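The values are calculated or read from the model by the stated rules, or taken from the named source; none is laboratory data. These figures come from a predicted structure and were not determined experimentally. Ideal geometry is used to build each Cβ from the backbone, glycine not excepted, and the neighbour counts take in all protein chains shown.
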């Protein structure tokens, strides 16, 4: 089968012919890929930023945002069958550790992370397990929702954690309205009664945010902190930073009111806050990875109801170089999706 593999960090990945994955255990599932999302984490993987964390041996197949149709299932799989349309949770978890048993499978002690620590889905087929696959509701197509498997799930997870803080009359700020941010804005509008303010450098992204229901938009590049503090009457209860670098970290903290919470989603920068400032204002800094399996089920319900729409640009798998170049240059509105044979 065709698969996009990283052979060396700092080098462009190549489209290779490799063996098809096979069932190795009773809970295994092989998925025929209908769409695989390309995101900045993939760029960071290619650059080598994940080399030590993943421990993966090169070469390997990237792609951690995957959806498609079940090709084969192991003898003990009962939740899906061949032909079912599915989206894959980014982690293939064990189900036996304390984290899994508590429903916190994001922190499974024995998980595999296709596209990060094992072969991923930028290929014709993906090997995963029954605990990873979520059957898609009627009306959802794999290529249309693939990036919700990680980008959407991460945004949903952060918003769901913030929901108890966002009562009527409160303010929330989304820094960024791009690939993750535009999903987060929709989740905020669908799940909270807070006033939503979006900060971004792109007029196009801000226009999209308004179309998606944001109450206020602020163009970054001027004194965005002052503008946000004026809109929010002295600062927001919650700031969700979907960028996490190039100064948004400091801006996000400065946009908070006393006892506010700064949710870090994007990464690449550093949060540097004097401890006296954290204590005196009683602010919270909260990290976010990806959501749980149940988060993904809930997100698919929002998608099926039309309350979360993923803006995508499709590329054939053999056009991966163009997709990577477009994403690197900021030319992708929403999410780039690689489609095998499409």
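Side notes on the structure shown:
- For the range 204-223, the count of residues that are closer than 23 Å to residue 274 by Cβ and not in a strand (DSSP E or B) is nonzero.
- Top-ranked residue in the range 214-238 [being loosely packed, with under 14 Cβ neighbours inside 10 Å and touching a residue at least 12 places away in the same chain (Cβ under 8 Å); ranked as farthest from residue 284 (Cα to Cα)]: 221
- Residue match in the range 203-212 (condition: more than 20 Å from the chain's Cα centre (by Cα) and surrounded by 21 or more Cβ atoms within 10 Å (Cβ to Cβ)): no
- Condition check for residue 260: in contact (Cβ under 8 Å) with a residue 12 or more places away in the chain, touching a strand residue (DSSP E or B) at 6+ places or on another chain (Cβ under 8 Å) and under 26 Å from residue 336 (Cα atoms): no
- Matching residues in the range 178-190 - criterion: being surrounded by 18 or more Cβ atoms within 10 Å (Cβ to Cβ) and either touching a helix residue (DSSP H, G or I) at 6+ places or on another chain (Cβ under 7 Å) or closer than 21 Å to residue 258 by Cα (or both): 178, 179, 180, 182, 183, 184, 185, 187, 188
- Selection from the range 47-59 of residues that are part of a loop (DSSP other than H, G, I, E, B) and surrounded by 15 or more Cβ atoms within 10 Å (Cβ to Cβ): 49, 50, 56, 59
- Taking the criterion of being within 18 Å of residue 11 (Cβ to Cβ) and in contact (Cβ under 8 Å) with a residue 12 or more places away in the chain, the residues of the range 50-93 that qualify are 50, 51, 54, 56, 58, 59, 60, 61, 62, 63.
- Looking across the range 299-323, the residues that are outside any loop (DSSP other than H, G, I, E, B) and surrounded by fewer than 15 Cβ atoms within 10 Å (Cβ to Cβ) come down to 301, 316, 318, 321, 322.
- For residue 80, the test of being assigned by TED's automatic domain parsing to the domain that holds residue 123, in contact with a strand residue (DSSP E or B) (Cβ under 8 Å, 6 or more places away or on another chain) and not in a loop (DSSP other than H, G, I, E, B) is failed.
- Of the residues making up the range 1-23, those that are touching a residue at least 40 places away in the same chain (Cβ under 8 Å) and exposed (fewer than 14 other Cβ atoms within 10 Å of the Cβ) number 6.
- Checklist (1) touching a helix residue (DSSP H, G or I) at 6+ places or on another chain (Cβ under 9 Å); (2) in contact (Cβ under 8 Å) with a residue 40 or more places away in the chain; (3) surrounded by 21 or more Cβ atoms within 10 Å (Cβ to Cβ) applied to residue 289, failing item: (3)
- In summary, helices (runs of 4 or more DSSP H) completely within the range 85-197 and bearing 1 or more residues that are touching a strand residue (DSSP E or B) at 6+ places or on another chain (Cβ under 8 Å) occur at 142-145, 151-162, 181-191.
- Residue 281 meets all of the listed conditions (1) surrounded by fewer than 21 Cβ atoms within 10 Å (Cβ to Cβ); (2) within 22 Å of the chain's Cα centre (by Cα); (3) at pLDDT 95 or above but one, namely (2).
- Residues within the range 114-130 that are surrounded by fewer than 20 Cβ atoms within 10 Å (Cβ to Cβ) and within 18 Å of residue 157 (Cβ to Cβ), tallied: 0
- For residue 241: the one exception among (1) surrounded by 17 or more Cβ atoms within 10 Å (Cβ to Cβ); (2) farther than 27 Å from residue 228 by Cα: (2)
- Residue count for the range 257-287, restricted to those that are on the phi < 0 side of the Ramachandran plot and part of a loop (DSSP other than H, G, I, E, B): 10
- Considering each residue of the range 286-303 in turn, none proves to be more than 20 Å from the chain's Cα centre (by Cα) and modelled with pLDDT of 95 or more.
- Members of the range 227-251 that are part of a helix (DSSP H, G or I) and in contact with a helix residue (DSSP H, G or I) (Cβ under 9 Å, 6 or more places away or on another chain): 228, 229, 250, 251
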